[in-house]
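Below: the structure, in structure tokens.
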Amino acid sequence: MMETIMSKDGPALSGEERTRRRRRRQWVYFAVAAVLGGALGALVSAYDSGGGDLFLGDYTSLRLNPALSLVLAAGFLLGFVFLPLWGFTQIDEMQREQNMIGFTGGCVAVLGCFPIWAILHAGGHAGPPDAFGVFAVGFAAMAISFFYAKFRP
Amino acid sequence: MKNRLKVLRAERDWSQAELAGRLDVSRQAVNAIETGKHDPSLPLAFRIARLFGQRIEDIFDDGDHHE
């Protein structure tokens, strides 16, 4: 027997159907993220006239057409901000908790990374803080935190 | 938090996936609740209680029995 929940927005869906639809939307999310990421990376690589590389740390050498840079910035805004936020609405509460732990780990890492790095630099233990380095540390911390939340015993 | 979800599910001969569908959560969420790795939110606890026709405190046990 299927449990049916009434909705004021239209025909009620069974729990199984809602789960199937959410799973389909999750795959759409992964596909859009992959295509968007690939397209942005390819465009940056194809139109960079300065010989830099956004994801290998040499971003200061990147040179892009001003109009194209605005379009790409909008694409990164979509990919790194709006898409993840929409993704939060497509997952259940346990997955949301795991993602929040991941995002918290990334956020804490970014907040702590710059001052720690700057102090280490002042003492001669490291080079000067680098924007891409802070991003990379934050991203790695986010991934580690997420996988810890997902696979903790 | 201890709970009787696995027992209640077994009594109805439901798989974790079937229960997940009825609760509109992932199968992983059902598994995590059954094994005590995830404490459900209050709205989900109410959905579980309504689905099995029981009170929340008859399904979940926080170990605090003071009245």
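The values are calculated or read from the model by the stated rules, or taken from the named source; none is laboratory data. Nothing here was measured: the structure is a model prediction, and the numbers come from that model. Glycine also receives a Cβ, built like all others from the backbone with ideal geometry; neighbour counts cover every protein chain displayed.
Here are a few things to note about the model shown:
- Pick from the range B:24-45, criterion more than 7 Å from chain A (Cβ to nearest Cβ) and small (Gly, Ala, Ser), ranking: surrounded by the fewest Cβ atoms within 10 Å (Cβ to Cβ): B:36
- Test for residue A:140: is it surrounded by 14 or more Cβ atoms within 10 Å (Cβ to Cβ) and of a type in the set (A, V, I, L, M, F, W, C): no
- Just one of the listed residues (A:71, A:44) is touching an Asp or Glu at 6+ places or on another chain (Cβ under 9 Å), assigned to a helix (DSSP H, G or I), of a type in the set (A, V, I, L, M, F, W, C) and over 30 Å from residue B:42 (Cα atoms), and it is A:44.
- Identity of the residue in the range B:10-50, among the basic types (Lys, Arg) and not in a helix (DSSP H, G or I), that ends up modelled with the lowest pLDDT: B:37
- Being within 25 Å of residue B:45 (Cα to Cα), surrounded by fewer than 16 Cβ atoms within 10 Å (Cβ to Cβ), without any contact (Cβ under 8 Å) to a residue 40 or more places away in the chain and not hydrophobic (A, V, I, L, M, F, W, C) is a property that does not hold for residue A:63.
Yes or no, residue by residue, for (1) of a type in the set (A, V, I, L, M); (2) touching a Pro at 6+ places or on another chain (Cβ under 6 Å); (3) surrounded by 14 or more Cβ atoms within 10 Å (Cβ to Cβ):
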position	(1), (2), (3)
A:70	yes, no, no
A:96	no, no, yes
A:114	no, yes, yes
A:135	no, no, yes
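- Selected residue (only one of A:122, A:131, A:109 is modelled with pLDDT of 95 or more, more than 20 Å from residue A:36 (Cα to Cα) and exposed (fewer than 14 other Cβ atoms within 10 Å of the Cβ)): A:122
- Within the range B:51-67, the set of residues being more than 9 Å from every other protein chain (Cβ to nearest Cβ) and outside any loop (DSSP other than H, G, I, E, B) comprises B:52, B:56, B:57, B:58, B:59, B:60, B:61.
- Note on the range B:42-63: residues that are of a type in the set (Val, Ile, Thr) and farther than 16 Å from residue A:94 by Cβ amount to 2.
- Within the range B:1-23, the only residue that satisfies the criterion of being within 8 Å of another protein chain (Cβ to nearest Cβ), within 26 Å of residue A:151 (Cβ to Cβ) and in contact (Cβ under 8 Å) with a residue 12 or more places away in the chain is B:23.
- Residues in the range A:90-131 that are within 14 Å of chain B (Cβ to nearest Cβ) and part of a loop (DSSP other than H, G, I, E, B): A:90, A:91, A:92.
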